[in-house]
Amino acid sequence: MLIVPQNWAENLFRVRSHINNAAIAAGRDPTQITIVAVSKAQPLEAIRAVRALGVADFGENYPQEAARKIDALEDEALRWHFIGHLQANKTKLIAERFAWVHSVDRLQIARRLSAQRPFHAPPLNVCLQVKLVDEPAKAGVPPSDLKALADEVVVLDRIRLRGLMCLPPESDDRAQQRHWFAQLRELRATLNAQGHSLDVLSMGMSGDYEAAVQEGATHLRIGTAIFGPRPQAH
């Protein structure tokens, strides 16, 4: 299959410019915001090209696909983030191969990740995925159960609880986007006031990352705005 060259440099420049502008307008330091390039279904050459442009963090949704890429790109000094739905029978591969997991939403998964994290590796960084709206197709812990889950996860030995993640309803309205992201920020503030030390807000994707920056996002999960549309399977 012929891979059509993409304007990765141009796309990334645009994304970085938007992030810088949104951060400065919010009184934030743009260098404190991490782009996690969502490379699901993207070919290795696309990942290598974006890595050459200075991006070191890449997000994947499917463990087997990610494992092949991690093996093929082991010399690229990449940080791999698992951002997809977690299945209990896939936690071992994730615990062994990733630096971050953004989508922990139940204690069983957190315990498995901790138990399966290799002792020679640093603790696995994790975020709790919060379900801000009751959307059946999306996973996440309800805000009412968040503190109880955080209290259980933070004491596990081989993972480090870093923050919160959300997948809010899609909207083109900037005020509505900011509304959801502000909720996640406030939930983190509440947890920290209750004794936690969370420093991460994983929120914002290709369609709403500027609003996320305005509300304090530290990690932006951006795919199509960098890579373009995902290649179609043939």
Inset, instruction - Using the structure shown, decide if Arg111 is open to solvent by 80 Å² or more (accessible area, probe 1.4 Å), of a type outside the set (S, T, N, Q) and out of contact with any His (no Cβ under 6 Å at 6 or more places or on another chain). - result: yes
Legend entry - Near pairs, Cβ below 7 angstrom, 6+ apart or cross-chain, from segment 11-32 (in contact (Cβ under 8 Å) with a residue 40 or more places away in the chain) to any residue that is surrounded by fewer than 13 Cβ atoms within 10 Å (Cβ to Cβ) and among the acidic types (Asp, Glu): Ala23/Asp29
Legend entry - Scope segment 117-137; condition assigned to a loop (DSSP other than H, G, I, E, B) and in contact with a Cys (Cβ under 9 Å, 6 or more places away or on another chain); matching residues: Lys131, Leu132
Inset, instruction - Return yes when Pro43 is at pLDDT below 95, farther than 24 Å from Arg178 by Cα and in contact with a Pro (Cβ under 8 Å, 6 or more places away or on another chain) and no when it is not. - result: yes
Inset, instruction - Can you confirm whether segment 54-70 contains a residue that is among the acidic types (Asp, Glu), outside any helix (DSSP H, G or I), surrounded by 14 or more Cβ atoms within 10 Å (Cβ to Cβ) and in contact (Cβ under 8 Å) with a residue 12 or more places away in the chain? - result: yes
Legend entry - Single residue of segment 34-46 satisfying the filter (open to solvent by less than 20 Å² (accessible area, probe 1.4 Å) and farther than 18 Å from Trp100 by Cα) that is nearest to the chain's Cα centre (by Cα): Gln42
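The values are calculated or read from the model by the stated rules, or taken from the named source; none is laboratory data. This one's a predicted model, so the numbers in the text were calculated from it and none came from an experiment. Heads up, the Cβs are rebuilt from the backbone with ideal geometry, glycines too, and the neighbour counts pull from every protein chain shown. The accessibility values were calculated without ligands, DNA or RNA, using every heavy atom of the protein model including side chains. Shrake-Rupley method; radii C 1.70, N 1.55, O 1.52, S 1.80 Å.
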